[in-house]
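Enquirer: Structure provided below as C-alpha cells; questions to follow.
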Amino acid sequence: MCSCNTALCCCSEKTYVQDKVCTNWLTAAAGTTTVYTDNLATLISGTGYIKNETGTGNITVNFLRSAAPVMTAIIVAPGGSTSFTVGRFDTITILTTAAASGEFCITVRYSM
C-alpha cells in the first residue's frame with residue numbers, strides 16, 4: 001500500500017525470494033519436455049543455463065506465459081550450452097528433434 005502527497009509516494013517494502021532449481025533432462029525421441037513450471041501464479045524472473053549434452057540436433061528452449069505462444073526462444077547446438085536471463089514467464093519447455101539429454105539450472109526471483 002502506498003501513501004502519496006503531491007511530490008512523493010512512500011510504499012511498503014516487498015519481500016523478494018530467490019530459489020534455485022537444477023535438474024537433468026532427457027527425451028527418448030523428438031518432442032517437448034517441460035523442465036520448469038511456476039506454481040505461485042505470479043510472473044517471475046530467472047537466470048540460469050541449459051546444456052545439450054547428448055543431442056544430435058539443436059534443441060529449442062521456450063519460455064512461456066500461461067501456456068501462451070512462446071515469449072522467448074533460445075537455440076542450443078549439440079554439445080553446447082547457453083545462459084539466459086528472462087522475465088515474466090511461468091513455464092519453460094525444451095523442444096527436441098531427436099533423442100537428447102542435458103542439464104537445466106535456474107535461479108528464480110519473485111515477490112511474496
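Enquirer: Any idea which residue in region 79-112 is modelled with the highest pLDDT, counting only those that are on the phi < 0 side of the Ramachandran plot and outside any strand (DSSP E or B)?
Expert: GLY80
Enquirer: Please count how many residues of region 64-112 are within 13 Å of the chain's Cα centre (by Cα), among the aliphatic types (A, V, I, L, M) and under 15 Å from ALA30 (Cα atoms).
Expert: Residues meeting the conditions: 1.
Enquirer: One residue is enough: does region 35-45 have a residue meeting the conditions among the hydroxyl-bearing types (Ser, Thr, Tyr), over 13 Å from GLY102 (Cα atoms), at pLDDT below 95 and not in a strand (DSSP E or B)?
Expert: Scanning region 35-45 turns up at least one residue that is among the hydroxyl-bearing types (Ser, Thr, Tyr), over 13 Å from GLY102 (Cα atoms), at pLDDT below 95 and not in a strand (DSSP E or B).
Enquirer: From the list THR34, THR85, THR60, which residue is of a type in the set (S, T, N, Q) and loosely packed, with under 12 Cβ neighbours inside 10 Å?
Expert: Step by step, each of THR34, THR85, THR60 is checked, and only THR85 is of a type in the set (S, T, N, Q) and loosely packed, with under 12 Cβ neighbours inside 10 Å.
Enquirer: Turning to a different aspect of this structure: If you check ALA98, ALA73, which single one turns out to be out of contact with any strand residue (DSSP E or B) (no Cβ under 6 Å at 6 or more places or on another chain) and among the aliphatic types (A, V, I, L, M)?
Expert: ALA98
Enquirer: While we're looking at this one, here's another question. Return the pairs, sorted by first residue and then second, in which the second residue is in a loop (DSSP other than H, G, I, E, B) and surrounded by 15 or more Cβ atoms within 10 Å (Cβ to Cβ), the first residue lies in region 84-111 and is aliphatic (A, V, I, L, M), the beta carbons are less than 7 Å apart, and the residues are 6+ apart or on different chains.
Expert: Correct list of pairs: ALA98/GLY55; ALA100/ASN52; ALA100/GLY55.
The values are calculated or read from the model by the stated rules, or taken from the named source; none is laboratory data. Since we're looking at a predicted model, the values are computed, not measured. Quick reminder, even Gly has a Cβ in these numbers, built from the backbone with ideal geometry, and neighbours come from all protein chains shown.
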